[in-house]
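S.K.: This structure is in structure tokens; I'll ask about it shortly.
Where a number appears in this text, it was derived from the coordinates with a stated rule and is not lab data. Please read these numbers as outputs of a predicted model, since none were measured by experiment. Don't worry about glycine lacking a Cβ; one is built from the backbone with ideal geometry, like all the others, and counts go over all protein chains shown.
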Amino acid sequence: MFSTRGSASPPPLAEICQGFLAHLAAEKGFSAATLAAYENDLRLFTGYLGGRGVSLEEPETVTKEHVRGFLAELHRRGLKKSSVARKLSALRSFFRFLLRQRLVESDPVRGLSNPKQEKRHPRALNVDQAIGLMEAKLPPDPEGLRDLALAELLYGSGLRISEAVGLDVHDLDTSSGVARVTGKGSKERLAPLSDAARTRLDRYLAQRHAFVADPLEKALFLGRQGKRLNRRQAARIVDHLAKLAGLPQHVHPHMLRHSFATHMLEAGADLRDIQELLGHERISTTQRYTHLNLQQIMAVYDKAHPRASSEEKKPREKEK
């Protein structure tokens, strides 16, 4: 809807939206996936307005009631609160852009709050499960070496899946034990490599040539076609390793990142250090992991402390 390809004189809405997306890419460093999501959000809002005789071609005609009605419609469709919040964020950014461009005189999104999010704690594997997945039995061929090296990076260094598959060969320094990672907002950080990750990465790199179709390809992790491994392929690899390890649940790549943070916290790592390792901009994001450690502490307290709960130190029930 917002593409300007093949049009010598694109419609005003297309020009506005392309300018907005270009602004997000250049000034905010948004990823291609986030830009696509924002574009889809605007497309959805445009469709909603069209059913009410209003158009973003004339953005000054959009009112706060229109935005509220759109959010209510999303709620009726059963969208998760996190999805609704993301769409509201897209509209908020869009109308702020219009204000700066002097295309509107008022912001219809101003004053609207994000829906209150459900408090969800990250799911994590326990230590035995995580190690079992890392030690899954795979053939020592190039694909097997690649898959285990990828898993070691996700769990051993706490990388996001996008960060892991986005690595180039020159981003690694296995001799020094670090990887240069590009995270959200194109921010770079150095991630330490575990001894196991260094060993497995070196073994994989020695066989990486088996995948190479283009000698100029820089991607660290390659698929069968010799191109950069994508997130969907990486997710299938992690789930396959979990099944080989006999884990009862579906395991997605982000669970390995959660497991990294949880196990670091349980081992006594400082929350600020974990924040740096994960590449979180705000400490509040990292603090989601503290409840897991608290449960462990309370279980030990109930079992051992003389002033703990009675009834033969019966473990306290988990909070609902």
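S.K.: For the charge dipole of segment 157-240, defined by +1 on Lys and Arg C-beta atoms and -1 on Asp and Glu C-beta atoms about the Cα centroid, which residue among His170, Leu229, Pro192 has the Cα displaced farthest towards the positive pole?
M.R.: Of the candidates, Leu229 comes out farthest on the positive side.
S.K.: I would also like to ask the following. Given R₀ = 56 Å, what would the calculated FRET efficiency be for Asp239 paired with Glu58, taking r from the Cβ atoms and rounding to 0.05? The partial results should precede the final answer.
M.R.: Details: r = 48 Å, r/R0 = 0.85.
Computed FRET efficiency for Asp239 and Glu58: 0.70.
S.K.: Something else now. Once both labels are modelled 7 Å past Cα along the beta-carbon direction, what's the Leu103-Leu205 spacing in nm?
M.R.: 4.7
S.K.: Go through segment 216-225 residue by residue and turn each phi into a ³J(HN,Hα) via Karplus (6.51, -1.76, 1.60, θ = phi - 60°); whole Hz please, and just put x for glycine and proline.
M.R.: Using θ = phi - 60°, the values come out as 8, 5, 9, 4, 5, 9, 10, x, 4, 7 Hz.
S.K.: Can you figure out the FRET efficiency of Asp141 with Ala267, using R₀ = 51 Å and their beta-carbon distance, to the nearest 0.05? Display every interim value, and only then the final one.
M.R.: Values: r = 34 Å, r/R0 = 0.66.
Once the sixth-power term is evaluated, E becomes 0.90.
S.K.: Using a Förster distance of 25 angstrom, determine the FRET efficiency expected from the C-beta separation of Arg224 and Gln249, and round it to 0.05. Could you put the intermediate results ahead of the total?
M.R.: Details: r = 28 Å, r/R0 = 1.10.
For Arg224 and Gln249, the calculated efficiency is 0.35.
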